[in-house]
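J.: One structure is given below, represented as structure tokens, and several questions about it will come after.
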Amino acid sequence: MGILLVACTLFVLLVAGEVHGSRSHATGEEVKKKFHAPINETSSIRGLIGHVSPHLQDSSDAIVYFAYHGAASAPNGYYGFIGTMDVYGLPLAQGQGSAAAVWISDEGDGAPSSLKNIMIGWDVLPDLYGDSKTHFYIKWTNDGFQSTGCLNLKCNGFQPEKGAAITPGDVIDHVSSPNGAKRNLNLKIIKNGTSGDWLVYCGLDRPPQLIGRFPRSLFTGGFADRAVGITFGGVVSAPITKPTPMGSGYLPTDVKSAASISNIQLVDQNGRAWPVTGDLPKLETNRNAYAVTPIVNGRFYYGGHEQPPMV
């Protein structure tokens, strides 16, 4: 149940629906059979979806897909992570969305208002940004977005580091080629043992540097001290007749072209980072359309549904 709740809330925190429409897709029952894999959403989850994507709440045609690995239930919790993402460009349209995410969270008692989390990664969200460019983003909440939290710097919360090389919301102009050179987003979030702040590090094609922090005072309950779960992967949303590319757009059966998340490490209460050398539980809402490979030596591949031509 925990991994399913993460799936529902992952969409809530991230996507404002989008997909590429530059090629023709099958329609009707053929598409529905291949892509229609709805999440079992409660009314409260639907309400949260409406918070960030009101146009999806009343659309029976809008579908959300996930493909990710998650770590949960460590005896002492998690105090951060390290990881590297390939970054891609996707020419999406209004009503479509695609993102790569790392999410550290505490779901509390499972009620929407008890969700506390920080998300970080790259996204292409025309409905939010007004363009189809790739952006670096962060997002946070202390109560499932009932009254706290936002994307990037749209509210008080995240405190940027003066002179940081990258700021949440920035455009990433140069992106990876599925069959060529890769652009890497190196990420780290770690609990500061003195202040209790969640420190955020990021580096584009270089080691991650401190870019800001989430003060401990933003969060209540256990998340003020540690995370209960950490999730790595992709999420997309779109009308059912216009499936969206996730990652590079390639299924991970083609690891030369598929997107990856690598160098995955989990941080313990002593601030020590432990490489993830084995596999973690996964969730794929429709593995025929979007999938993840097992984690091997701290790396997995993910994504699916074709790479649209860049325009």
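The values are calculated or read from the model by the stated rules, or taken from the named source; none is laboratory data. This is a predicted model, so every value here is computed, not measured. Here the Cβ is made from the backbone with ideal geometry for all residues, glycine too, and neighbour counts use every protein chain on show. For accessibility, only protein heavy atoms count, side chains too; no ligands or nucleic acids. Shrake-Rupley method; radii C 1.70, N 1.55, O 1.52, S 1.80 Å.
J.: Counting only heavy atoms of the protein chains, get the accessible area per residue of segment 184-269 (1.4 Å probe) and round it to a whole Å² value.
T.: Ligands and nucleic acids excluded, the figure is 34 Å² per residue.
J.: If you count only protein heavy atoms and use a 1.4 Å probe, how large is the accessible surface of Tyr78, to the nearest 10 Å²?
T.: 20
J.: Still on this structure, I have one more. Provide the solvent-accessible area of Val296, counting protein heavy atoms only and rolling a 1.4 Å probe, rounded to the nearest 10 Å².
T.: The accessible area of Val296 comes to roughly 90 Å².
J.: Report in % the part of the accessible area of segment 151-260 that belongs to carbon and sulfur, leaving out ligands and nucleic acids; probe 1.4 Å.
T.: In segment 151-260, the share of accessible area belonging to carbon and sulfur is 48 percent.
J.: Please name which of Cys202, Val228, Pro239 has its Cα lying farthest along the dipole of segment 199-274 towards the positive end, using unit charges on Cβ (Lys, Arg +1; Asp, Glu -1) and the Cα centre as origin.
T.: Cys202
J.: While we're on this one: Can you tell me how segment 175-311 classifies by the Cα gyration tensor, rounded, prolate or oblate, using a/c under 1.5 as the rounded cut?
T.: Judged from the Cα gyration tensor, segment 175-311 comes out prolate (a/c at least 1.5, a/b above b/c).
J.: Which FRET efficiency value, to the nearest 0.05, is calculated for Asn297 and Gln94 with the Förster distance at 30 angstrom and r the Cβ-Cβ distance? Don't jump to the answer; show the numbers that get you there.
T.: On the way: r = 40 Å, r/R0 = 1.32.
With R0 = 30 Å, the Cβ-Cβ based efficiency is 0.15.
J.: Percent relative contact order of segment 138-242, based on C-alpha pairs within less than 8 angstrom and at least six residues apart?
T.: Result for segment 138-242 is 21 percent.
J.: Turning to a different aspect of this structure: Once the other residues with Cβ under 13 Å from the Cβ of Ala67 are scored (Lys, Arg +1; Asp, Glu -1), what is the net sum?
T.: Result for the neighbourhood of Ala67: +1.
J.: Now, a different point. So how much slack lies between Arg272 and Val171, counting 0.36 nm per residue of separation and subtracting their Cα-Cα distance, in nm?
T.: 33.2 nm
J.: Quickly rank 179-186, 88-95, 233-240 as a protection proxy: mean count of other C-beta atoms within 10 Å, highest first.
T.: Per-residue Cβ counts within 10 Å, averaged per peptide and sorted highest first, yield 233-240, 88-95, 179-186.
J.: To the nearest 10 Å², what's His305's accessible area with a 1.4 Å probe?
T.: Accessible area of His305: about 20 Å².
J.: Arrange the peptides 113-124, 155-166 so that the one whose residues have, on average, the most other Cβ atoms within 10 Å appears first.
T.: Highest mean packing first, the order is 113-124, 155-166.
J.: Could you tell me which of the pairs Lys116/Lys188; Lys133/Lys188; Lys133/Lys191; Lys154/Lys282; Lys188/Lys242 are separated by over 27 angstrom between their Cα atoms in the structure shown? Provide the component values of the computation, followed by the final result.
T.: Details: Lys116/Lys188 18 Å; Lys133/Lys188 23 Å; Lys133/Lys191 31 Å; Lys154/Lys282 32 Å; Lys188/Lys242 34 Å.
Checking Cα-Cα distances, Lys133/Lys191; Lys154/Lys282; Lys188/Lys242 exceed 27 Å.
J.: Ok, one more. For the full complex of protein chains and a 1.4 angstrom probe, list Thr277, Thr241 by accessible area with the highest value first. Please report the intermediate quantities before stating the final value.
T.: Details: Thr277 100, Thr241 45 Å².
Ranked list, largest accessible area first: Thr277, Thr241.
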